[in-house]
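No value in this document is a laboratory result; all are computed from the given coordinates. Because the structure is predicted, anything quoted here is derived from the model rather than measured. Here the Cβ is made from the backbone with ideal geometry for all residues, glycine too, and neighbour counts use every protein chain on show.
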Amino acid sequence: MIEREVIHTNKVSKRIMDVVQDLSEFFVVFVKILIELLQRFFEKMMTKKFKDISGEIILITGAGHGIGRELALHYTAWGSVVVCVDINEKNNEETLKKAKRLMQNSVYAYTCDVSDREAVLQLAAKVEAEVGRVSVLVNNVGIMPTHPLEQHTPEEIRRVFDINVLSHFWTLEAFLPQMKQQYRGHIICISSIAGVVGLTNLVPYCATKFAVRGMMEALHQELRDGPYKDFIKLTLIYPYMTNTGLCKRPKVKFPSMLGLLDPKEVAKKIVEAHRANVTETTIPSSLLHINNWCRLLPIRCSLLLKDYIDSGVESDL
Ligand SMILES: NC(=O)c1ccc[n+]([C@@H]2O[C@H](COP(=O)([O-])OP(=O)(O)OC[C@H]3O[C@@H](n4cnc5c(N)ncnc54)[C@H](O)[C@@H]3O)[C@@H](O)[C@H]2O)c1
Ligand SMILES: *[C@@H]1O[C@H](CO)[C@@H](O)[C@H](O)[C@H]1NC(C)=O
């Protein structure tokens, strides 16, 4: 009888100890979060720190046009070695020519369909032999079929996933091991505002851009759990509509506040986020904060705000 009671009290006190232990661990986390918040607050008030990217070997997909081309020019101007990759050889050569005017010897162009795994793996071997080991990968390629869901053909839906999502897996397979070998790397992916909010005429496209968000968050966690935590950085960018021709029929209610962005400006912001090791940001950066706050509101409230902003794209058919 007495023995049983002793066992019982032992069990109870063990449970109390466990709870105390859990609570004290939580308290430590809570204090760490407060310290982190204070640090971020003071960092915001000081001038931003940027890392040097001269000499990095930076591979950009979709460098033949739009944001990718502007990125190639920006990185060249910063003194990086730039590897331009595009399916469109002619446009890519044009980027190469423009970049060479800035810096003669540190730009390369390769033609490759990044949705083709074999082609990407071959590209990686070629680039490693001819240029060196890539330390920065910019997954920028994207296409955007724009019409109501029923009017998307199955081929179109497969293609947009092949190009906007699966290509990331092939470039990661090709270049992440090179970064791990060097204990040095940065992966930058271009999602979209369409990866933050769902939009009419863009059901498959939004699905691909949300997918990139999930992929990057999971990869970030996986790298944090391993030995590459402080060596391989990830940056995810969600740009607003940009004047590259990708958005064929943009719909903008407030052109002065939320007009189409200039691809040069977008490229500049992307390079800044890269150099500051920013994990994720929208362009303009205010949109991510607005979205995060909106998600706290009941859905009808954020819908009211969405209706007020009323930006998007009309069908291209
Ligand atoms: N333009 C916008 O409004 C906007 C807004 C948000 C996000 N984005 C995203 O930014 C990225 C760049 O957009 P952009 O407007 O500069 O596009 P763009 O059409 O101007 O350029 C894309 C480039 O990618 C190349 N490309 C397409 N498929 C390819 C493939 N399979 N393999 C290799 N290259 C391929 C094209 O030839 C082209 O040169 C995309 O991911 C896009 O979704 C664009
Ligand atoms: C960014 O990360 C790299 C690699 O971990 C580090 O060397 C650099 O100091 C960081 N720079 C900034 C501005 O945070």
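Summary of computed values
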read-out: Residue check for V266: more than 22 Å from E56 (Cα to Cα), of a type outside the set (K, R), buried (at least 19 other Cβ atoms within 10 Å of the Cβ) and within 15 Å of the chain's Cα centre (by Cα); value: no
read-out: Qualifying residues in the stretch 98-135 (those that are in a helix (DSSP H, G or I) and β-branched (V, I, T)) - the one farthest from ligand 2 (Cβ to nearest atom); value: V120
read-out: Exclusive hit being in contact with a strand residue (DSSP E or B) (Cβ under 6 Å, 6 or more places away or on another chain) and loosely packed, with under 15 Cβ neighbours inside 10 Å, set E173, E118, E89; value: E89
read-out: Among the residues listed as E70, E56, E36, the single one being within 16 Å of ligand 2 (Cβ to nearest atom), within 30 Å of N88 (Cα to Cα) and acidic (D, E); value: E56
read-out: The stretch 251-302, residues that are touching a Phe, Trp or Tyr at 6+ places or on another chain (Cβ under 8 Å) and not in a loop (DSSP other than H, G, I, E, B); value: L258, L261, V271, E272, R275, E280, T281, T282, I283, L287, L288
read-out: One residue from I188, I193 being within 16 Å of ligand 1 (Cβ to nearest atom), of a type in the set (A, V, I, L, M, F, W, C), more than 23 Å from V120 (Cα to Cα) and in contact with a strand residue (DSSP E or B) (Cβ under 7 Å, 6 or more places away or on another chain); value: I193
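Condition check ((1) more than 24 Å from P239 (Cα to Cα); (2) within 11 Å of ligand 1 (Cβ to nearest atom); (3) surrounded by 13 or more Cβ atoms within 10 Å (Cβ to Cβ)) across all residues:
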| residue | (1), (2), (3) |
| --- | --- |
| V136 | no, no, yes |
| L149 | no, no, no |
| F161 | no, no, yes |
| V165 | no, yes, yes |
| K180 | yes, no, yes |
